[in-house]
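Below is one structure, written out as structure tokens; comments come after it.
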Amino acid sequence: MRDFNILSKINDYRDLKNLSKGELNLLCEDIRSYIIDVTSINGGHIGPSLGTVELTIALLIAFDPEKDKIVWDVGHQTYAYKILTGRKEEFRTLRQYKGISGFSKIKESKYDHFGTGHSSTSISAALGFRVGKDLKGEDGYTIAVIGDGAMTAGEAFEGLNNAGWLDPSKFIVILNDNQMSISPNVGAIYTYFNKIITKQTFQKPRQKLKDAVNKIFGKKAVEILRKIEEYTKGLFAPGLIFEELGFTYVGPIDGHSLMDLEETLENIKLMRGPILLHVITQKGKGYKFAEANPVVFHGVSPFDKISGIFNKSSSLPSYSKVFGDALVELGEKDEKIVAITPAMKEGSGLVEFAKRFPDRFFDVGIAEQHAATFAGGLALEGFKPVAAYYSTFLQRAYDQVIHDIALQELPVVFAIDRGGLVGDDGPTHHGVFDIAFLRAVPNIVIASPKDEQELRDLLYTALNSGKTFALRYPRGSGVGVKMEGFNLIPIGSWEVLEEGRDIVILAVGKYVQRAFEVKKVLKTKGYNPSIVNARFIKPMDESLLTNLLSEYEFVVTMEDGVLNGGFGSAVAEFVVDNGYYNRVIRFGIPDKFVEHGKVELLERDLGLDTQGIADRIIEVVEKRIFKEKNIRNSINA
């Protein structure tokens with residue numbers, strides 16, 4: 001690990017103004033090396049944060065986050081910001097259990113003005129800050145830093161549209177363009193023109209001219225003048241769309257030139273009305289492997305920083321890969337199968353499908369709502385759309401799932417990756433709500449496989465079902481079963497995997513394997529539960545469930561989703577609604593947001609590890625036995 005000569009002298013952002021230009025450039029190198037060191041051990045979003053080092057320093061020199069609100073979109077661009085806002089030493093705990101978050105988080109620091117994790121929220125939040133400050137008569141700037149594709153989402157343009165209408169001053173949007181969104185050329189003419197339009201020698205006469213024209217000729221003449229200005233600027237700068245939305249467009253400028261950034265930001269502070277600054281950065285800047293492959297090094301697991309090779313955690317294929325490979329096999333046989341993803345081609349395992357069937361693959365950008373309704377249109381044209389989401393991102397398309405898909409009974413398959421706890425990314429990315437929010441929707445099938453082969457079979461079943469079908473599966477590796485062919489599974493059917501007595505465990509998805517581990521512990525205490533793979537969450541296998549309720553006094557449900565409204569709730573509702581008196585013991589995520597950390601540590605804290613589940617089952621069963629024994633004794637007495 002290198003010596004951080006300049007960084008070691010920095011306590012927080014206030015010290016930046018004491019550094020020379022040369023020292024600031026050396027500080028950029030120190031911060032990049034520190035980010036590489038920490039993420040190589042902990043994993044994290046290395047690419048986005050390496051690209052924003054100079055921008056972060058320039059922002060913290062030009063603005064004071066004590067009074068100015070800096071809102072970072074997504075939050076994975078903020079590693080340098082964390083380091084320079086009082087978390088330099090804590091940064092070593094990035095994404096670790098009980099350590100600091102990989103995203104912006106209000107509870108973590110007063111300088112994290114708005115919590116993030118999902119994209120395209122920064123402009124709306126910053127505008128809320130701006131209007132709030134204006135209503136209270138408070139000073140200070142509000143700045144939204146958006147990028148990494150986040151400008152492709154509808155909410156970003158909703159925020160821009162509203163800001164343009166409200167026309168607030170001291171409101172700045174910085175488009176951090178790292179070739180994952182808009183990518184215009186950067187050259188001398190752009191830099192030269194940008195310096196001209198931001199200097200007060202240009203801005204003051206510009207505003208005076210507008211005021212004079214308005215006074216003499218009225219608003220119509222001002223509008224004509226604005227059109228002429230837009231046309232002139234459009235010859236040099238690619239920002240006409242932002243001008244039309246009511247912003248003064250500035251840029252593009254080199255996001256790795258501290259001098260240009262500082263000068264531009266200082267000039268912008270004196271301009272009236274909403275400003276959009278377009279900054280060009282390089283994702284992965286300063287680390288050759290991240291520069292060469294920014295997609296792979298966007299968010300990473302631990303890696304060797306010298307070779308750039310990732311540490312292998314498992315030789316088994318991930319569920320994402322199993323899904324992607326299966327979809328390619330099925331796509332070869334059925335030309336009606338199309339794949340859709342909202343900017344998650346790599347993460348969702350669709351790279352090979354995109355290569356093999358480019359005409360049937362659609363990456364719609366960070367546009368989760370559009371992806372769902374787009375899939376609905378394709379379904380009505382006779383295609384078999386598979387819309388691949390991370391569970392936590394499907395939340396954004398909930399209205400479309402209800403209104404556009406399920407209500408119209410359209411045969412769209414939602415392939416829901418990262419179901420359950422995901423670990424180090426934390427509460428913004430844990431996919432724990434999908435069972436509960438989908439279960440409330442009519443006309444939808446919800447299924448979760450116990451292993452890789454069942455994922456293949458359920459995908460095949462979904463594509464041939466003619467129904468709205470949600471197929472959810474966890475992050476990480478499979479269990480290592482042999483995969484071969486495809487089989488139709490009767491919709492709503494469960495399977496009894498092992499028979500026992502007194503206790504039956506109804507397990508969903510990855511918790512089927514946990515059920516076998518729990519059984520081993522219970523057997524040492526004299527209990528021998530049956531295990532059922534409850535692969536269909538909706539509809540449930542009510543026929544089998546009825547038989548089980550007649551046979552077993554204790555019914556245990558296990559799922560990697562929230563308890564409120566989840567699978568266990570469905571079983572408990574069935575028990576109550578049909579007049580049964582079985583003791584239902586539910587295991588799942590309690591009514592709280594779960595922090596980040598390794599999944600096994602989080603499960604231990606939640607009582608969802610093998611020992612925790614077994615201990616609670618034993619406690620409940622023995623309490624019931626003890627109670628019944630006391631009742632019998634009192635009757636006999």
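Laid out as a table, the results:
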read-out: Any hit, region 8-22, residues being in contact (Cβ under 8 Å) with a residue 40 or more places away in the chain, touching an Asp or Glu at 6+ places or on another chain (Cβ under 7 Å) and either outside any helix (DSSP H, G or I) or crowded, with 16+ Cβ neighbours inside 10 Å (or both); value: no
read-out: Options S493, S543: the member that is in a helix (DSSP H, G or I), at pLDDT 95 or above, at negative phi and more than 31 Å from the chain's Cα centre (by Cα); value: S543
read-out: Residue selected from region 565-608 under the condition touching a Gly at 6+ places or on another chain (Cβ under 8 Å), part of a loop (DSSP other than H, G, I, E, B) and hydrophobic (A, V, I, L, M, F, W, C), by the criterion farthest from A507 (Cα to Cα); value: V594
read-out: Selection within region 452-499 - without any contact (Cβ under 8 Å) to a residue 40 or more places away in the chain and crowded, with 18+ Cβ neighbours inside 10 Å; value: Q453, D457, T461
read-out: Conditions (1) surrounded by fewer than 22 Cβ atoms within 10 Å (Cβ to Cβ); (2) in a helix (DSSP H, G or I); (3) aliphatic (A, V, I, L, M): number failed by V518; value: (1)
read-out: Within region 511-540, considering residues that are of a type in the set (S, T, N, Q) and under 20 Å from N582 (Cα atoms), the one nearest to the chain's Cα centre (by Cα); value: N533
read-out: Within region 73-104, considering residues that are out of contact with any Lys or Arg (no Cβ under 9 Å at 6 or more places or on another chain) and among the aliphatic types (A, V, I, L, M), the one farthest from F4 (Cα to Cα); value: V74
read-out: Region 540-561 residues that are touching a residue at least 24 places away in the same chain (Cβ under 8 Å) and surrounded by fewer than 19 Cβ atoms within 10 Å (Cβ to Cβ), paired with ones that are acidic (D, E) and outside any loop (DSSP other than H, G, I, E, B) (beta carbon under 9 Å, 6 or more apart); value: L544/E495
read-out: Filtered residues of region 36-76 (kept if of a type in the set (A, V, I, L, M), surrounded by 22 or more Cβ atoms within 10 Å (Cβ to Cβ), at pLDDT 95 or above and out of contact with any strand residue (DSSP E or B) (no Cβ under 7 Å at 6 or more places or on another chain)); value: V53, I57, A58, L60
read-out: Output for region 280-297, where each listed residue is outside any helix (DSSP H, G or I) and buried (at least 21 other Cβ atoms within 10 Å of the Cβ); value: I280, T281, K283, G284, K285, P294, F297
read-out: Unique match (being among the charged types (D, E, K, R), at pLDDT 95 or above, on the phi < 0 side of the Ramachandran plot and touching a helix residue (DSSP H, G or I) at 6+ places or on another chain (Cβ under 6 Å)) among D609, D577; value: D609
read-out: Residues of region 353-384 satisfying the condition of being in contact (Cβ under 8 Å) with a residue 24 or more places away in the chain, over 18 Å from I402 (Cα atoms) and surrounded by 16 or more Cβ atoms within 10 Å (Cβ to Cβ); value: F353, F357, R360, F362, V364, G365, I366, F383, K384
read-out: Candidates G140, G99, G115, G128, filtered to the one that is surrounded by fewer than 20 Cβ atoms within 10 Å (Cβ to Cβ) and either part of a helix (DSSP H, G or I) or among the aliphatic types (A, V, I, L, M) (or both); value: G128
read-out: Leading residue by the ranking (nearest to the chain's Cα centre (by Cα)) among those in region 257-279 that are crowded, with 20+ Cβ neighbours inside 10 Å and assigned to a loop (DSSP other than H, G, I, E, B); value: P274
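Quick grid of which residues meet (1) assigned to a loop (DSSP other than H, G, I, E, B); (2) of a type in the set (K, R); (3) closer than 16 Å to A470 by Cα:
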| site | (1), (2), (3) |
| --- | --- |
| K321 | no, yes, no |
| L327 | no, no, yes |
| E332 | no, no, no |
| I340 | no, no, yes |
| S348 | yes, no, yes |
| E352 | no, no, no |
| K355 | no, yes, no |
| F362 | no, no, no |
| G376 | no, no, yes |
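The values are calculated or read from the model by the stated rules, or taken from the named source; none is laboratory data. Everything numeric in this text was worked out from a predicted model, so none of it was measured. No Cβ is skipped: glycine too gets one built from the backbone with ideal geometry, and neighbour counts run over all protein chains shown.
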